[in-house]
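As structure tokens, the structure follows; a few thoughts come after it.
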Amino acid sequence: MTEARHEIRLVVNGVPREATVPARRLLSDCLRHDLRLTGTHVGCEHGVCGACTVLLDGEPVRSCLLLAVTADGHEVTTVEGLGTPEAMHPVQQAFRECHGLQCGFCTPGFLTTVAAYLVDNPEPTEDEAREAVSGNLCRCTGYQNIVASVLRAAELSRDTSGQEVGEG
Amino acid sequence: MKPSPFAWSAPTSLDEVLAVLAQVGDDGKVLAGGQSLLPMLNMRLAAPAHLVDINRVAEFGYVRTTDDAVVVGALARHAHVERDEPAYAVQPLLRRALQLVAHPVIRNRGTTVGSIAHADPSGEMTAVLALTGGSVQVAAAAGRRTVAAADFFAGPLESTLAYGELAESVTFPAFPPGSGSAFVEVARRHGDYAMCGLGAVVTLTDGVVTAARAGYVSVSPTPLVLDLTEAVRGAEPSTAGWAAAGELAAGQVDPEPDIHATADYRRQLVRVLTARALAEAAGRAA
């Protein structure tokens, strides 16, 4: 039996994209394999680790718990859409300044999660910053520098307020 | 860690959903937020032949509030219910419990009705439905029925929904005037499945307790509601009274052990958390 394939259209990081996928293709795999956007990392594939977090219409979601066909017609922002090496997103800048990463595997998920979080909560306390990343696992840092990065990102975002996040 | 193949359809109206569900029968499974179903598909713990994806049925995405109940449609995300101010005003236990459901990122996608249809006895929403004495509105091509919470849960991950049926909405009634509520739980990490948790409601009349009830998470195969009024009836709220209610509750649960907690530890959590939740609830009772 040949598996049925579906044509889908997504706007990824502001760019209209098309793909032809089986219904069981996860959005995470669609981004990585079909669209060759390998910034989104795949850790646990059951929603626990948070590495695959992307923004769907501006809201953070687990891309491993979303079928690509369900996302048809929607806007997706991946870590590639947050900033560039020349013009980093405040969250990327903060993770760099505060050494908020070591091996970097989990980092794309933290960056997308924190970028969206700071839009809704621009002035988190340290406790709130810690809770904001509680759904993302990091096995290197021990989280201290990640929490510092969240707080620094909030400072940087206030300095550059007016910069919108998540609409690619 | 990839789902096995399945046929997929994405109807855009209630009538279409019911027609597809009737057609696919016992091959069919409804996909809403997918935050429990997708992990099961990825791990191949479930392999339905046909997924009926209701994410395009915009009419399902509502939270409606009346004076005495909150009605949540099949596609209302947890985050939507959590933030809805009218819903909080009528049934504040919803927001209090939702803040303990996984993580915000999961709540952006997961649906309240879906978590109830999933019938997980470690789910906060199943406990809230049971404690509020709520109901599930079930739709099928052949007609509609309303199922009381007490009749909806058949066992762990098993509801009394039949093939071809859709949990179309869920109703959470308000508590009586003079009531306060609280939701507390203990989990290894914030957002994990609780080892034990409960929603509690206390009703005060002229400063004395006239009702005290609790709905539990993770200590029974289906949502368990205990009426603890006898331990505190007619008394003013007191630490000793809540401790007695906790003792009463601990004697009425029969939890299972697993790798996260022994049965004895869960029973101890019932004892302690019941007293804590009732005290907090009483503090909010007018």
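Of the residues B:198, B:161, B:129, which is hydrophobic (A, V, I, L, M, F, W, C) and in a helix (DSSP H, G or I)?
Selected residue: B:129, the only one of B:198, B:161, B:129 that is hydrophobic (A, V, I, L, M, F, W, C) and in a helix (DSSP H, G or I).
Go through (1) within 18 Å of residue B:30 (Cα to Cα); (2) within 14 Å of chain A (Cβ to nearest Cβ) for residue B:168 and report which single condition fails.
Status for residue B:168: all satisfied but (2).
May I ask you to list the residues in the stretch B:208-247 that are farther than 30 Å from residue B:192 by Cβ and in contact (Cβ under 8 Å) with a residue 60 or more places away in the chain?
Correct list: B:209 only.
Where in the stretch B:1-86 are there helices (runs of 4 or more DSSP H), lying fully within it, with 2 or more residues that are over 30 Å from residue A:117 (Cβ atoms)?
Here the list reads B:14-24.
Looking only at the stretch B:103-119, count every residue that is outside any helix (DSSP H, G or I) and modelled with pLDDT of 95 or more and tell me the total.
Qualifying residue count, the stretch B:103-119: 5.
Among the residues that make up the stretch B:74-82, is at least one of them away from chain A (no Cβ under 12 Å) and either over 18 Å from residue A:66 (Cα atoms) or out of contact with any strand residue (DSSP E or B) (no Cβ under 8 Å at 6 or more places or on another chain) (or both)?
For the stretch B:74-82, residues away from chain A (no Cβ under 12 Å) and either over 18 Å from residue A:66 (Cα atoms) or out of contact with any strand residue (DSSP E or B) (no Cβ under 8 Å at 6 or more places or on another chain) (or both): present.
Residues A:151, A:111: which one is closer than 18 Å to residue A:59 by Cα, aliphatic (A, V, I, L, M) and either in contact with a strand residue (DSSP E or B) (Cβ under 9 Å, 6 or more places away or on another chain) or modelled with pLDDT of 95 or more (or both)?
A:111
With respect to the numbered conditions (1) facing chain A (nearest Cβ under 10 Å); (2) under 16 Å from residue A:68 (Cα atoms); (3) crowded, with 18+ Cβ neighbours inside 10 Å; (4) not basic (Lys, Arg), which one is the sole condition not fulfilled by residue B:52?
Tallying (1) facing chain A (nearest Cβ under 10 Å); (2) under 16 Å from residue A:68 (Cα atoms); (3) crowded, with 18+ Cβ neighbours inside 10 Å; (4) not basic (Lys, Arg), residue B:52 fails exactly one: (1).
Which members of the stretch B:152-185 meet the condition of being over 30 Å from residue B:141 (Cβ atoms) and surrounded by 17 or more Cβ atoms within 10 Å (Cβ to Cβ)?
Once the filter is applied, which keeps residues that are over 30 Å from residue B:141 (Cβ atoms) and surrounded by 17 or more Cβ atoms within 10 Å (Cβ to Cβ), the stretch B:152-185 yields B:174, B:175, B:179, B:180, B:181, B:182, B:183, B:184, B:185.
If you scan the stretch B:227-248, which residues turn out to be in contact with a Lys or Arg (Cβ under 8 Å, 6 or more places away or on another chain) and over 15 Å from residue B:272 (Cα atoms)?
B:227, B:229 - these are the residues of the stretch B:227-248 that are in contact with a Lys or Arg (Cβ under 8 Å, 6 or more places away or on another chain) and over 15 Å from residue B:272 (Cα atoms).
Among the residues of the stretch A:55-67 satisfying the criterion of being within 9 Å of chain B (Cβ to nearest Cβ) and without any contact (Cβ under 8 Å) to a residue 40 or more places away in the chain, which is farthest from residue A:139 (Cα to Cα)?
Result: A:56.
Which members of the stretch A:77-97 meet the condition of being touching a residue at least 12 places away in the same chain (Cβ under 8 Å) and either of a type in the set (Asp, Glu) or assigned to a loop (DSSP other than H, G, I, E, B) (or both)?
Once the filter is applied, which keeps residues that are touching a residue at least 12 places away in the same chain (Cβ under 8 Å) and either of a type in the set (Asp, Glu) or assigned to a loop (DSSP other than H, G, I, E, B) (or both), the stretch A:77-97 yields A:78, A:80, A:82, A:89, A:97.
Checking the structure you have, find out if any residue of the stretch A:35-45 is part of a helix (DSSP H, G or I), in contact with a Leu (Cβ under 7 Å, 6 or more places away or on another chain) and not basic (Lys, Arg).
Within the stretch A:35-45, not a single residue is part of a helix (DSSP H, G or I), in contact with a Leu (Cβ under 7 Å, 6 or more places away or on another chain) and not basic (Lys, Arg).
Any idea which of (1) under 28 Å from residue A:109 (Cα atoms); (2) at the interface with another protein chain (Cβ under 10 Å from one of its Cβ atoms) is the one residue B:7 doesn't satisfy?
Here residue B:7 meets the rest and fails (1).
Look through the stretch A:134-146, keep the residues that are without any contact (Cβ under 8 Å) to a residue 24 or more places away in the chain and within 14 Å of chain B (Cβ to nearest Cβ), and return whichever of them is surrounded by the fewest Cβ atoms within 10 Å (Cβ to Cβ).
Only one residue tops the list, namely A:134.
Is one or more of the residues making up the stretch B:28-38 in contact (Cβ under 8 Å) with a residue 40 or more places away in the chain and away from every other protein chain (no Cβ under 12 Å)?
yes
Among what's in the stretch A:76-115 and is under 30 Å from residue B:51 (Cβ atoms), within 14 Å of chain B (Cβ to nearest Cβ) and not hydroxyl-bearing (Ser, Thr, Tyr), pick the residue that is surrounded by the most Cβ atoms within 10 Å (Cβ to Cβ).
Only one residue fits best here, namely A:109.
Within the stretch B:88-108, restricting attention to residues that are away from chain A (no Cβ under 12 Å) and either of a type in the set (S, T, N, Q) or over 29 Å from residue A:136 (Cα atoms) (or both), which residue is surrounded by the fewest Cβ atoms within 10 Å (Cβ to Cβ)?
The extreme case among them is B:89.
Which of the residues spanning the stretch A:54-67 are part of a strand (DSSP E or B) and either among the hydrophobic types (A, V, I, L, M, F, W, C) or farther than 11 Å from residue B:109 by Cβ (or both)?
Result: A:54, A:55, A:56, A:61, A:67.
As an exercise: evaluate residue B:190 against (1) surrounded by fewer than 22 Cβ atoms within 10 Å (Cβ to Cβ); (2) more than 14 Å from chain A (Cβ to nearest Cβ) and give the number of the one condition it does not meet.
If we test residue B:190 against (1) surrounded by fewer than 22 Cβ atoms within 10 Å (Cβ to Cβ); (2) more than 14 Å from chain A (Cβ to nearest Cβ), just (2) comes out false.
Taking residue A:70 as meeting all but one of (1) farther than 22 Å from residue B:192 by Cα; (2) within 14 Å of another protein chain (Cβ to nearest Cβ); (3) assigned to a helix (DSSP H, G or I); (4) not acidic (Asp, Glu), write down the number of the exception.
Looking at each condition in turn, residue A:70 falls short on (3).
Of all residues in the stretch A:22-54, which are buried (at least 21 other Cβ atoms within 10 Å of the Cβ), in contact with a helix residue (DSSP H, G or I) (Cβ under 6 Å, 6 or more places away or on another chain) and within 11 Å of another protein chain (Cβ to nearest Cβ)?
A:26, A:27, A:28, A:45, A:47, A:50, A:52, A:53, A:54
The values are calculated or read from the model by the stated rules, or taken from the named source; none is laboratory data. It should be emphasised that the depicted structure is a prediction, and the values quoted were computed from it without experimental measurement. Note that each Cβ is placed from the backbone with ideal geometry, even for glycine, and that neighbours are counted across all protein chains shown.
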